[in-house]
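Only one structure is covered here, and it is reproduced in the block below.
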Amino acid sequence: MALLNPPNPAIPQRQYRIRLDEPLALMMDRYIEFLGAPSADHVIAEALAFIFKKDSEFKQWLGEHREPDKDSQSEAASAKPNRTGAAREMAKTAATAGDTI
C-alpha cells in the first residue's frame with residue numbers, strides 16, 4: 001500500500017467573465033479576506049456548489065431535464081451550422097459543480 005495518496009484527477013475548468021454591482025463586489029472582497037481564500041474564483045465556485053447542493057427545486061428540475069448524450073448533441077450542432085453551442089455549454093455547467101461543501 002502506498003504511503004501517499006495519488007493526486008486527484010484534474011477537473012477541466014472554464015473561464016467566465018462576470019459583472020457584479022459594486023456593493024456585492026465589495027462584500028465578496030471582504031468575504032475573500034475573511035476566508036483567506038486564494039481568489040474570487042474559489043469563493044464563487046464554492047458558493048455555486050453550495051447552492052446547487054441545497055436547492056431542492058433545482059435538483060428536481062435537473063431530474064426532469066436530463067442532458068442528452070454527447071452523440072446526439074454533436075449531431076444537433078452539425079445540423080445547425082450557425083449555432084455556437086454556447087447555450088448547451090452553459091446548461092452543462094450547472095450539472096458539473098462538485099459537492100465539496
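The number of residues in the range 37-72 being surrounded by fewer than 10 Cβ atoms within 10 Å (Cβ to Cβ) and under 22 Å from Tyr16 (Cα atoms) comes to 2.
Given the condition under 22 Å from the mean Cα position of the chain (by Cα), modelled with pLDDT under 95, assigned to a loop (DSSP other than H, G, I, E, B) and aliphatic (A, V, I, L, M), answer yes or no: does some residue in the range 20-36 qualify? Scanning the range 20-36, I find no residue that is under 22 Å from the mean Cα position of the chain (by Cα), modelled with pLDDT under 95, assigned to a loop (DSSP other than H, G, I, E, B) and aliphatic (A, V, I, L, M), so the answer is no. Count of the range 6-20 residues, restricted to those that are without any contact (Cβ under 8 Å) to a residue 40 or more places away in the chain and closer than 17 Å to Ala47 by Cα, is 7.
The values are calculated or read from the model by the stated rules, or taken from the named source; none is laboratory data. Here the structure is a predicted model, which is why all the values come from computation and not from measurement. Counting neighbours? That spans all protein chains shown, and the Cβs are built from the backbone with ideal geometry, glycine included.
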